[in-house]
Amino acid sequence: MKLNNRVKKILTGKICPYCGRPSMLTDSAEVYHGRSYGPIYICRPCDAYVGCHKGTTKALGRLANAELRYWKNQAHAAFDKLWKGKTKVMDRTTCYKFLSKKMEIPSKYTHIGMFKGESCKRVIEICNTLLLNLGKI
Ligand SMILES: [Zn+2]
């Protein structure tokens, strides 16, 4: 799967997926009421942002507006259940491989941070279905 430059810039937080303008790198204190959790890429007119990998200015994925942030959080919560705590069924790497296969997306692009709302909803469905089938929830 070859992605064009524009898509790459969206998935790496450089371009806002909502308005197409370049994002800005700023501190997360701006969106977390003065508490800093490191740098973020932001598009202020769209109220969209994304955090960075710890200790870097490498975005975790695409910029997300309030609705997508909600679905990303839900997807992460559902996904984490597969490899964490009482409901753990496999290790994290295997989880990502499983998800990549189920969603028919190459591993490289199977990151919740890169997903749109619809894909986040699929993650939730896939994870919950597996846990239900295994009698974990
Ligand atoms: Zn924007």
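The values are calculated or read from the model by the stated rules, or taken from the named source; none is laboratory data. What you see is a predicted model; the values in this text were computed from it and never measured. As a convention, Cβ positions derive from the backbone with ideal geometry for all residues, glycine included, and neighbour counts pool all protein chains shown.
Restricting to the range 16-37, count the residues that are of a type in the set (Val, Ile, Thr) and more than 17 Å from ARG69 (Cα to Cα).
Taking the range 16-37 first, the residues of a type in the set (Val, Ile, Thr) are 26, 31.
Then keep just the ones that are more than 17 Å from ARG69 (Cα to Cα); that gives 26.
Qualifying residue count, the range 16-37: 1.
Mind telling me which of the residues LYS136, LYS88, LYS102, LYS81 ends up being at pLDDT below 95 and either surrounded by 14 or more Cβ atoms within 10 Å (Cβ to Cβ) or more than 26 Å from LYS8 (Cβ to Cβ) (or both)? Can you show your working first?
Details: LYS88 fails: at pLDDT below 95; LYS102 fails: at pLDDT below 95; LYS81 fails: at pLDDT below 95.
Residue meeting the stated conditions: LYS136.
LEU25 fails exactly one of the following numbered conditions: (1) free of Cβ contacts under 8 Å to residues at least 24 places away in the same chain; (2) farther than 21 Å from LYS116 by Cβ. What is the number of that condition?
(1)
THR94 - would you say it is surrounded by fewer than 13 Cβ atoms within 10 Å (Cβ to Cβ) and assigned to a helix (DSSP H, G or I)? Lay out the reasoning, then the answer.
Numbers: surrounded by fewer than 13 Cβ atoms within 10 Å (Cβ to Cβ): yes; assigned to a helix (DSSP H, G or I): yes.
It is true that THR94 is surrounded by fewer than 13 Cβ atoms within 10 Å (Cβ to Cβ) and assigned to a helix (DSSP H, G or I).
All but one of (1) under 12 Å from the mean Cα position of the chain (by Cα); (2) not assigned by TED's automatic domain parsing to the domain that holds CYS127 hold for ALA77; state the number of the condition that does not hold.
Evaluating ALA77 over (1) under 12 Å from the mean Cα position of the chain (by Cα); (2) not assigned by TED's automatic domain parsing to the domain that holds CYS127 leaves (2) as the failure.
Residue check: is LEU68 touching a helix residue (DSSP H, G or I) at 6+ places or on another chain (Cβ under 6 Å), assigned to a helix (DSSP H, G or I), within 16 Å of the ligand (Cβ to nearest atom) and at pLDDT 95 or above?
Numbers: touching a helix residue (DSSP H, G or I) at 6+ places or on another chain (Cβ under 6 Å): yes; assigned to a helix (DSSP H, G or I): yes; within 16 Å of the ligand (Cβ to nearest atom): yes; at pLDDT 95 or above: yes.
When the stated conditions are applied, LEU68 passes them.
Which one of these does MET90 not meet: (1) touching an Asp or Glu at 6+ places or on another chain (Cβ under 7 Å); (2) away from the ligand (no atom under 15 Å from the Cβ)?
Here MET90 clears every test but (1).
Select from the range 12-51 the residues that are within 15 Å of the ligand (Cβ to nearest atom), in contact with a helix residue (DSSP H, G or I) (Cβ under 6 Å, 6 or more places away or on another chain) and not in a strand (DSSP E or B) and list them in ascending order.
Once the filter is applied, which keeps residues that are within 15 Å of the ligand (Cβ to nearest atom), in contact with a helix residue (DSSP H, G or I) (Cβ under 6 Å, 6 or more places away or on another chain) and not in a strand (DSSP E or B), the range 12-51 yields only PRO17.
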